[in-house]
């Protein structure tokens, strides 16, 4: 019951984030690290990945598809970590300090929790033991 509720909540989070990536890409492009090629394309692709991951996570027909979505969203959260670090560095370099450490530190610390949550609600972790072996 808790897993199902958190699955819907996480899917809603990623669905909203994905739509924001597509509708308002500039803030995401602005925090993309310089080593990332074609940031506009990457932001578009990540928005699409978030939307597809959210749909895959909540669809009721296939456990394997939920697992694939869980793994995909976990990998996504890991891959965007450099953009979140870059966002913090950009903000802290501003004369105003931007959003400050009170925003960025919890956001960075939440990243491993998002990864674990995606794996848990996607039924990827903990792995099931096979019976009869």
Selected residue [over 17 Å from residue 83 (Cβ atoms), free of Cβ contacts under 8 Å to residues at least 24 places away in the same chain and not in a loop (DSSP other than H, G, I, E, B)] from 12, 5
5
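Say whether the condition of being within 25 Å of residue 39 (Cβ to Cβ), exposed (fewer than 14 other Cβ atoms within 10 Å of the Cβ), at pLDDT 95 or above and within 17 Å of the chain's Cα centre (by Cα) is met by at least one residue in region 116-128.
Within region 116-128 (the criterion being within 25 Å of residue 39 (Cβ to Cβ), exposed (fewer than 14 other Cβ atoms within 10 Å of the Cβ), at pLDDT 95 or above and within 17 Å of the chain's Cα centre (by Cα)), the answer is no, since none of the residues qualifies.
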With respect to residue 121, is the statement that it is at negative phi and in contact with a helix residue (DSSP H, G or I) (Cβ under 8 Å, 6 or more places away or on another chain) true?
yes
For region 51-62 the number of residues that are surrounded by 12 or more Cβ atoms within 10 Å (Cβ to Cβ) and more than 11 Å from residue 10 (Cβ to Cβ) is 5
For region 91-102, what are the residues that are under 21 Å from residue 29 (Cβ atoms) and either touching a strand residue (DSSP E or B) at 6+ places or on another chain (Cβ under 6 Å) or surrounded by 13 or more Cβ atoms within 10 Å (Cβ to Cβ) (or both)?
91, 92, 98, 99
Show me the helices (runs of 4 or more DSSP H) found entirely inside region 18-113 where at least 1 residues are closer than 27 Å to residue 125 by Cα and either at pLDDT 95 or above or in contact with a helix residue (DSSP H, G or I) (Cβ under 6 Å, 6 or more places away or on another chain) (or both).
39-58, 63-79, 81-93
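The values are calculated or read from the model by the stated rules, or taken from the named source; none is laboratory data. Note that the coordinates shown come from a computational prediction; the quantities given were computed from them, not determined experimentally. Cβ sites come from the backbone with ideal geometry, for glycine too, and all protein chains shown count toward neighbours.
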